[in-house]
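Data first, discussion second: the structure below is written as structure tokens.
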Amino acid sequence: MTPTCVSCEQGVSHCHGTLIVDILTLDCTDPDCQDLDVARHTLVLDATEIDEPSSSSVSTAA
């Protein structure tokens, strides 16, 4: 038996990819995604909340 998606079975507009929200762009990991609405994505990564490493926490090889 193949597992099925409840949203697919019910005809609900949704996406199986992850929506990536950046300061200026929206992108989805599903190449077939045509609608970048947050409501259509169960998984949303807000890249604006990811801190860049500070220069003090980056190690360099000696």
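All of the numbers you see were taken from the coordinates with simple rules; none came from a lab. What you are looking at is a predicted structure, and each value in this text was computed from that prediction instead of being measured. A quick note on method: Cβ atoms are made from the backbone with ideal geometry, for glycine too, and the neighbour counts reach across all protein chains shown.
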When the stretch 6-35 is examined, which residues are found to be touching a residue at least 12 places away in the same chain (Cβ under 8 Å), among the aliphatic types (A, V, I, L, M) and not in a loop (DSSP other than H, G, I, E, B)? Leu19, Ile20, Val21
Can you tell me how many residues within the stretch 36-46 are in contact with an Asp or Glu (Cβ under 8 Å, 6 or more places away or on another chain) and either within 9 Å of His16 (Cβ to Cβ) or not in a loop (DSSP other than H, G, I, E, B) (or both)? 0
